[in-house]
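Student: Take a look at the following structure, please.
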Amino acid sequence: MEAQIVSWLSGISSTVFRIAATLFVVVNLAAVAAVVTTRSRDLVNRWSSPWLATNLLLLGAGLGVPLLAAMAKVAVRAMAAMGGFVISPDQ
């Protein structure tokens, strides 16, 4: 059961990281393309806050979820090593 939990946490963390990294690149390429094509200072002033919030959200998810998953994996392994983490398949 420990191996399944650790495997699931690894899968979740890598999936979230990949999605967040891809969206980070897409959002920033779209922002650069919009600024270069329009050359509008008003566009920059209007969209800087949402762009920054999106980047911070993506960075937080892309780095935070794998970090929390790594800490959870360490906790699962420690509990299993101590023998205090027994999950039967019937539960």
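Student: Somewhere in the range 14-35, is a residue in contact with a Pro (Cβ under 8 Å, 6 or more places away or on another chain) and small (G, A, S)?
Tutor: There is at least one residue in the range 14-35 that is in contact with a Pro (Cβ under 8 Å, 6 or more places away or on another chain) and small (G, A, S).
Student: If a residue must be surrounded by 14 or more Cβ atoms within 10 Å (Cβ to Cβ) and more than 20 Å from S48 (Cα to Cα), how many such residues does the range 9-38 contain?
Tutor: 7
Student: Which of the residues spanning the range 61-91 are of a type in the set (D, E, K, R), touching a helix residue (DSSP H, G or I) at 6+ places or on another chain (Cβ under 8 Å) and either surrounded by fewer than 13 Cβ atoms within 10 Å (Cβ to Cβ) or modelled with pLDDT of 90 or more (or both)?
Tutor: K73
Student: Can you go through W47, W51 and tell me which one is modelled with pLDDT under 95 and either in a helix (DSSP H, G or I) or among the aliphatic types (A, V, I, L, M) (or both)?
Tutor: W47
The values are calculated or read from the model by the stated rules, or taken from the named source; none is laboratory data. On a predicted model such as this, the values are computed, not experimentally measured, just so you know. Every residue, glycine as well, gets a Cβ built from its backbone with ideal geometry; the counts of neighbours run over all protein chains shown.
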